[in-house]
Amino acid sequence: MSRQIIASLVCCWMLVATASAFGQTINLFGKKNLADWDFHVVQEGTTQVKVENVFSFTDDGRLLCTGQPYGYLATKESYKNFKFSVEWRWSGWNWPKGIEPTNSGVFLKITDMPKDSFLPKSIEVQLQNRNAGDIWAFHGRTITDSPDRLVTVNHDVIGRFMGVRKNIAAENEPGQWNSMEIFCTGSLIVVTVNGKIVNWTTGAEPIEGRIGLQSEGGPIEFRNAILTVLP
């Protein structure tokens, strides 16, 4: 890790440490309903699916996601500089025995939904089992980083995209809760999983966009989704 990256990470942590004093903090699950979220179904042949059949709240504030069909929730508001924290786990309310945990993600900087794609134009922080913390840029979103960290993928459906993989594994075993914190300020994104810095990029497009939670494959639970808007 270069000194420049270390300095950027330290600056990010300092911003977060003072965020409670200078930033607006929003409990995105505080209403225990989806009034502040838009729902997008992106799987072919499922345009009439109701949001409550994919995402629903429990009385204690957990957000349940069936994982089917593919789609995502997106905040109605857009954000540029912020800290977003959320907890997730791969078991609980209807986890089928013998089924492996699957896939999900947190979308950042969402601006639109390209046709014939299951992913919005965004930067994703991966929640896929055992890959939580990978960062991917889709549909023209760009990440510039050192060549040894950048990964390029050519996908049959969504085309070419790039990203950076996590540096360490910090996930708990399936069935246990995990916590993730994502810090976005300018072109810097820093990701922690269970209190450990697992990934970062210093070259994300510093644009404003919505935040999303993905339905992609199997049941997942979320709780304590807290957004702190940074200067």
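The values are calculated or read from the model by the stated rules, or taken from the named source; none is laboratory data. In this text, all values refer to a predicted model and were calculated from it rather than measured experimentally. All Cβ positions, glycine included, derive from the backbone under ideal geometry; neighbour counts span all protein chains shown.
Output the residues belonging to the range 54-92 that are of a type in the set (Asp, Glu) and either without any contact (Cβ under 8 Å) to a residue 40 or more places away in the chain or in a loop (DSSP other than H, G, I, E, B) (or both).
At the first step, the residues of the range 54-92 found to be of a type in the set (Asp, Glu) are 59-60, 77, 87.
Matches in the range 54-92: 59, 60, 77.
Any chance the range 8-19 includes a residue that's buried (at least 19 other Cβ atoms within 10 Å of the Cβ), at pLDDT below 95, in contact with a Lys or Arg (Cβ under 9 Å, 6 or more places away or on another chain) and closer than 14 Å to residue 220 by Cβ?
No, the conditions are met nowhere in the range 8-19.
Where residues in the range 88-116 are touching a Phe, Trp or Tyr at 6+ places or on another chain (Cβ under 8 Å) and farther than 13 Å from residue 214 by Cα, which of them is modelled with the lowest pLDDT?
Top of the filtered list is 101.
Considering only residues that are touching a helix residue (DSSP H, G or I) at 6+ places or on another chain (Cβ under 9 Å), of a type in the set (A, V, I, L, M) and in a strand (DSSP E or B), which ones fall in the range 190-231?
190, 197, 229
Modelled with pLDDT of 95 or more, assigned to a loop (DSSP other than H, G, I, E, B) and not aromatic (Phe, Trp, Tyr), is that true of residue 167?
Considered against the rule, which asks whether it is modelled with pLDDT of 95 or more, assigned to a loop (DSSP other than H, G, I, E, B) and not aromatic (Phe, Trp, Tyr), residue 167 comes out as no.
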